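What follows is a short report on a single structure.
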Amino acid sequence: MSTAVQDSRLAQHPRVLLVGNPNVGKSVLFGSLTKRYVTVSNYPGTTVTVTRGSTTLGGIGVQVLDTPGINSLVPTSEDEEVTRDILLREQPGALVQVADAKNLRRALILTTQIAELGLPFTLDLNMMDEAGDLGVHVDRAKLEDVLGVRVVTTVAVRRTGLDTLRETLLDQSRSKLRVEYSSAIEHSIAAMEKILPSTHLQARGLAVSLLAGDASLVPWLQEQVGADVVRQLEDIRTRTQSQLREPLGTAIHRHRLRAIDTVVRGVETRPRHRVGSWLDTLGGWSMHPVWGVPVLLVVLWGMYQFVGVLGAGTLVDLLETNVFAHFLSPWATRGADFLFRFPHTHLLDNGVLLPEYTHTALGFGQESLRFFHDLFVGPYGQITMALSYSIALILPIVSTFFLAFGILEDSGYLPRLAVMVNRLFRSMGLNGKAVLPMVLGLGCDTMATLTTRILETRKERILVTLLLALAVPCSAQLGVILGMMRSLSLGATLVWAGCTLLVLFVVGWTAAKLVPGRASDFVLELPPIRWPQLSNLGVKTMARIEWYLREAVPLFLLGTLLLFVLERVHFLHVIERLSAPLVVGILGLPEKAAEAFLIGFLRRDYGAAGLYDMAREGQMDGIQLVVSMVTITLFVPCIANFLIMLKERGTRTAMTMVAFIVPFAFVVGGALNLSLRALGVEF
Amino acid sequence: MPLAPPMRCPLCGGSMHDTTGGCGSCPMNSGCDMLCCEECGYETVKPRSVTIDFLSRLLRPRRREPSAS
């Protein structure tokens, strides 16, 4: 080991910290720098995960920490607070700021804050290949000269530039970049510097953070200098604010951005932005609070035409009527009749064999044969019901939905929808990242419930879990509902959509008032609106269809088996009779609809499929269809979602939610039924 | 060996990679069909289709073995 290495800061503090904005490739860089085994743990006292790994630098074994992506060291979220605390409490031997080379301006906000804290660091301009593709060029040497720290360029996914980066970690320097503030602010910084504690962080950086309104520093300061000095610091801040017309945080940020813009102008060249392309205009409209609504309606209409009319109409007819009803089911029935012989006669519909049959009194042996016959091809048979529902009825609908959803994902519309919905959700205390799982819930509520982990506050996690379980239909369920809409007028569809949205907002707003806590801010980088690539779309849709077949079909088989067993032990009729006051009396639905709600707990789309089948057979009128659609949308989450709710929110909270959702769904459905009938509405 | 380029998250543009980030540290990663965005948590099915792989293998023109002579 050389003397230079022995003398380096890394030898004294063998710890390398990776910090940077979200989406800059920190984790890929972390994976490239460290050995195979890493530990992931929550940062003490928080739910924020920090990944630790190890590597060797200049013969020294060092720990590498991958911190959460942040936009500022003046924390506004738990993620930012954790990263700032790591800088405050875990003195790093080397610090790497990973930056997206395409977005230097955003990265330099963090750079100026690290510079003010006086921490030696290396600036890593990552994703240089993508910057090059966009025609963005950063003069590395000039930037190095302006900042006074080593600047390296990398493409972490291809492991290029990593050797140079590793070399710089042994010899880092402090940045000479200094942001000049107004005289009032500079005067206050100087006053604070005199009484702030002496640590490995420069007092100027701490002073600027305090002036910018960082209250989260107070507990640490009280440990270091006591309550009296903290009061003096607060007095200085209050005095400074009284001299300014704008909030201190805004003034500091304005000065910082001015300094950054000067740096960026000197080192970066990028092609002039092509203004006015119609895709750009469409992208702008799609997240506009007013124009975004017609864009959303056009998108929904397109989805309805594709999923509801093509998928649920043409393709379901093709598979269900022509393939299953005319060929597969009769063939399977004849096969089962041959294998499991007992005296019976199947009913016919226009010459086509149905699973239903009549029979005479049977002996014990014949009853056993009848059991196996019915298990496969009876009214609740694995082939005649489970496969018919999952393959003929649901598969065409979810396939068309997956394709449509893939187009929304790859076109860049989804994040714009999140921005637009974010504005609406603010009214019910659900701003911030909370929008992301809500949008994801349209794909799968179970996955979306898992992703509520990314939410920073407990309040947001509880609210979003509740709303997902209550009023956000998953892709399969939404597909089936779009199919059911085929038999309905526009008015009925609007009643369903209005009712669901009203419930979402009323429950969300009320719950936000009842659950204590704060909401967090929302920062999302928007990709450009673009044409989806057909090859990507094809692979993605096929991958999702295969996933559906692996995931959902076994549950359909299990659900049908459950119905079959319940019917064999004569308990299905008991359930239908017992639920009749609710299903028939309050909701005004046929008694058989109880089966749909029963299996809806196994999979929401299976429940919806049961109702869809009844609708196709003409067993429900317009009002019954709308009421059943609203009730099944709001009804209890599927079993997978419920298990994840138990795991993520705990037994008590999850059970409370289900105890609220089930009666609530029936109350809303019942109220809708009574209102529509009282008003004499006809669909 | 260089890592395969990550998939871009359809929601936030973050990277989705099955060996790093959220998936790399997940104990259930092996055999999992899902990819998780390390930034916003958006999950999607891995863009890997058995059917398309099979069809492309089937339709790919076979190379002729060079004759020994």
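From the Cα gyration tensor of the protein assembly as shown, with a ≥ b ≥ c the square roots of its eigenvalues, which class applies: rounded if a/c is under 1.5, or else prolate if a/b is larger than b/c, or else oblate?
Judged from the Cα gyration tensor, the protein assembly as shown comes out prolate (a/c at least 1.5, a/b above b/c).
Using a 7 Å offset from the Cα along the Cα-to-Cβ direction at both A:T345 and A:E186, what is the distance between the two label points in nm, to one decimal?
Distance between label points: 10.4 nm.
Quick one, can you get me the convex hull of the C-alpha atoms of the range A:549-646 expressed as volume per residue in Å³?
Here the figure is 107 Å³ per residue.
If you take the beta carbon distance between A:S368 and A:V658 as r and set R0 to 30 Å, what does 1/(1 + (r/R0)^6) give as a FRET efficiency, to the nearest 0.05?
It comes to 0.15.
Could you give the nm distance between label points at A:E682 and A:Q619, where each point is 7 Å from its Cα heading toward the beta carbon?
2.5
Please work out the average accessible area per residue across the range A:258-329, using the 1.4 Å probe convention, and give it in Å².
Here the residues of the range A:258-329 average 63 Å² of exposed surface.
Could you work out, residue by residue across A:535-541, how many beta carbons of other chains sit within 10 Å of that residue's beta carbon, and then give the average as an integer?
Taking the mean over all residues of the peptide, I get 4.
With a 1.4 Å probe on protein heavy atoms only, work out how much accessible surface A and B bury together, total over both chains, in Å² to the nearest 100.
Protein heavy atoms only, the A-B interface buries about 2800 Å².
Just to make sure I understand: if all protein chains stay in place, what is the order of A:F376, A:F635, A:F664, A:F327 by accessible area at 1.4 Å, largest first?
Sorted by accessible area, descending: A:F327, A:F376, A:F664, A:F635.
Looking at the range A:14-33, which residues lose a minimum of 50 Å² of accessible area between their chain alone and all protein chains in place, measuring with a 1.4 Å probe and not counting ligands or nucleic acids?
The answer is A:N23, A:S27, A:V28 - residues whose exposure falls by at least 50 Å² when every protein chain is included.
Provide the per residue accessible area, probe 1.4 Å, for the range A:54-167, rounded to a whole number of square angstrom.
Dividing the accessible area of the range A:54-167 by its residue count gives 31 Å².
Could you work out the local net charge near A:A115, counting Lys and Arg as +1, Asp and Glu as -1, over the other residues with Cβ closer than 11 Å to its Cβ?
Result for the neighbourhood of A:A115: +4.
Peptide A:542-549: average number of partner chain Cβ atoms within 10 Å per residue?
Rounded to a whole number, the mean comes out at 5.
Treating only the Cβ of Lys, Arg, Asp and Glu as charged (+1, +1, -1, -1), what charge dipole size does the range A:320-377 show about its Cα centre? Round to the nearest 20 debye.
200
Among DSSP bridges having both ends in the protein assembly as shown, what percentage is antiparallel? Round to the nearest 5.
60
Quick one: pull the percent of accessible area on chain A belonging to carbon and sulfur, 1.4 Å probe, ligands and nucleic acids left out.
Using a 1.4 Å probe with all protein chains present, chain A comes out at 61 percent carbon and sulfur.
Quick one: grab the alpha carbon gyration tensor of the range A:333-457, order the square roots of its eigenvalues as a ≥ b ≥ c, and give me rounded if a/c is under 1.5, else prolate or oblate depending on whether a/b is larger than b/c.
Verdict is prolate for the range A:333-457.
Lys and Arg at +1, Asp and Glu at -1: add these up for the other residues within a Cβ distance under 11 Å of A:G378 and post the number.
Local net charge: -1.
Computed FRET efficiency, Cβ-Cβ of A:S173 and A:Q12, R0 25 Å: what is it to the nearest 0.05?
0.95
The values are calculated or read from the model by the stated rules, or taken from the named source; none is laboratory data. Because the structure is predicted, anything quoted here is derived from the model rather than measured. We place every Cβ from the backbone using ideal geometry, glycine too, and count neighbours over all the protein chains shown. Note: areas computed on protein heavy atoms with side chains; ligands, DNA, RNA excluded. Shrake-Rupley method; radii C 1.70, N 1.55, O 1.52, S 1.80 Å.
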